[in-house]
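Report on the following structure.
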């Protein structure tokens, strides 16, 4: 059976870089899609399937590191090769520890580009082969046990909390991962949910880490750099951190806005960082 062509997503805000990478890869029969922004890259990833992504670190709007962080929250099976200038090598090396497969220093030679993509394709194929073998093994075990499907996992349905100032979670407060944020508003750290009168807010893993980092130093200003480290796992330069945090804070604020007064909890201290003010908060947006 003939294999499907390898699909590569190129993400770079520089037109010449996108065109050059596209030409190099298409000459080797790769199927290439090129976009200029992190926002468009995420849209493409949601709509289509790709094998490899060549991702520029420094882009306006959503940076390459932010795209990589989003990938960690989604079930994408893709190899990521970062494109970086010499000044951002430290950030690229840090990103390798958090999901990226490799990095190339711009401008990279055609030989280096093709070698990196070839290795990424082989890694993905080996990983898929291992997954298939595991699935076959699990299927065989289920057949031996007389099971046609995996045993379902029962999930506890969250209990609505009272708006009383003395309200307690359904487990009587025995779960140390639960804490009261304000009267009638509870955070369940295990489920990454905030319960309030009338509903609940479901946080992504990165959003939950960001909120926990702010909660740990409630009322104090936490620097952009420290928040990136705690929420996304990267050691980055101080000048990179605000751009990486901006879309993440915006998403978290949008979710918190469902809670009365919640949008004002995270206060921007311009040029420094963010502070969590559960009493409402004053300051810029």
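Rule-based calculations on the coordinates, nothing more; no lab input. Bear in mind the structure is a predicted one, so any value in this text is a computation, not a measurement. Note that each Cβ is placed from the backbone with ideal geometry, even for glycine, and that neighbours are counted across all protein chains shown.
Brief remarks follow.
- Modelled spin labels at residue 218 and residue 127, positioned 7 Å past Cα toward Cβ, are 3.8 nm from each other.
- Listed peptides 251-261, 4-14 appear in the order 4-14, 251-261 once ranked by packing, highest mean of other Cβ atoms within 10 Å at the front.
- Listed from fewest to most Cβ neighbours within 10 Å, the set 223, 49, 204 follows the order 49, 223, 204.
- Considering all C-alpha pairs of region 174-285, those separated by over 17 Å amount to 51%.
- The spacing between region 1-69 and region 180-244, judged by their C-alpha centroids, is 30 Å.
- Relative contact order, percent, region 202-265 [alpha-carbon distance under 8 Å, six or more residues apart]: 28
- Solvent-free Debye scattering, log10 I(q)/I(0), computed from the Cα coordinates of region 1-79 at q = 0.14, 0.16, 0.27 Å⁻¹: -0.43, -0.56, -1.37
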